[in-house]
1. Restricting to the range 139-161, name every residue that is at pLDDT 90 or above and in a loop (DSSP other than H, G, I, E, B).
2. What about Glu32, is it open to solvent by 50 Å² or more (accessible area, probe 1.4 Å) and of a type in the set (Asp, Glu)?
3. List pairs: first residue in the range 59-84 and of a type in the set (Asp, Glu), second residue open to solvent by 40 Å² or more (accessible area, probe 1.4 Å) anywhere in the structure, Cβ distance under 9 angstrom, at least six positions apart or on different chains.
4. Given (1) touching an Asp or Glu at 6+ places or on another chain (Cβ under 9 Å); (2) at pLDDT 95 or above; (3) exposed (fewer than 14 other Cβ atoms within 10 Å of the Cβ), identify the lone condition not met by Leu73.
5. Suppose the filter is more than 30 Å from Gly37 (Cα to Cα), at pLDDT below 95 and open to solvent by 60 Å² or more (accessible area, probe 1.4 Å); does Ala164 pass it?
6. How many residues, within the range 117-138, are assigned to a helix (DSSP H, G or I) and open to solvent by 30 Å² or more (accessible area, probe 1.4 Å)?
7. Please go through the range 22-45 and pick out each residue that is touching a Lys or Arg at 6+ places or on another chain (Cβ under 9 Å) and of a type in the set (Lys, Arg).
8. Would you mind stating whether Met106 is in contact (Cβ under 8 Å) with a residue 40 or more places away in the chain, more than 30 Å from Glu148 (Cβ to Cβ) and within 18 Å of the chain's Cα centre (by Cα)?
Amino acid sequence: MPQILVFDTIRAVKRGERHAHFNKLLLDRMEETLGGGGQAMLFQNRRGFAPYVECRECGWTARCPDCNVTLTLHKGSGRMVCHYCGHTEPVPAKCPHCRVTEPVPMGFGTEKVEEEIARLFPEARGARLDRDSVTSERAFNAIISDFEARKTCLLYTSPSPRDA
């Protein structure tokens, strides 16, 4: 059976134990696992790059006009998406409320996990498995097959089918 470790990133921030979006223990274990030829799966409960964007000047956040939930930033497409109704908008260059600064991504999702791990472990081949990266059963099967065949050593995924 694989070893399962659960990390509380909020507690890691409070203790000053965080590097990028991961705590030191997780990164040490990943380095140990990958160095020994092993594989790792990282579960993140948010799709996209960041759960929302925010203006640092006035506090504005992009919200869905239909659902009134924050829009998730998808860096790959350069759009903000409502994961409930599918509404999309481009990322504004300036805050639509105060027009002073560019809104910044807040938090992290599977896209950001993928980007950060690639930066921290550039030699490790990884794959993202979420509703945004898998658009067909064939694509899903290819990602799973590559992981089973050890062609990839890292799998970044969201555990929920809705991945809010």
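The values are calculated or read from the model by the stated rules, or taken from the named source; none is laboratory data. All values derive from a computational prediction rather than experimental measurement. Neighbour counts run over all protein chains shown; Cβ positions are idealised from the backbone, glycine included. When the accessible area is computed, the model is the full protein with side chains, heavy atoms only, and any ligands, DNA or RNA have been set aside. Shrake-Rupley method; radii C 1.70, N 1.55, O 1.52, S 1.80 Å.
1. Listed by number, the residues that qualify are Ala149, Arg150, Lys151, Thr152, Cys153.
2. On the way: open to solvent by 50 Å² or more (accessible area, probe 1.4 Å): yes; of a type in the set (Asp, Glu): yes.
So Glu32 passes the test.
3. Asp66/Tyr84; Asp66/Cys85; Asp66/His87
4. The one condition Leu73 does not meet is (3).
5. no
6. 5
7. Taking the range 22-45 as the starting set, the residues that turn out to be touching a Lys or Arg at 6+ places or on another chain (Cβ under 9 Å) are 23-24, 37, 39-40, 44.
Passing the criteria: only Lys24.
8. Yes.
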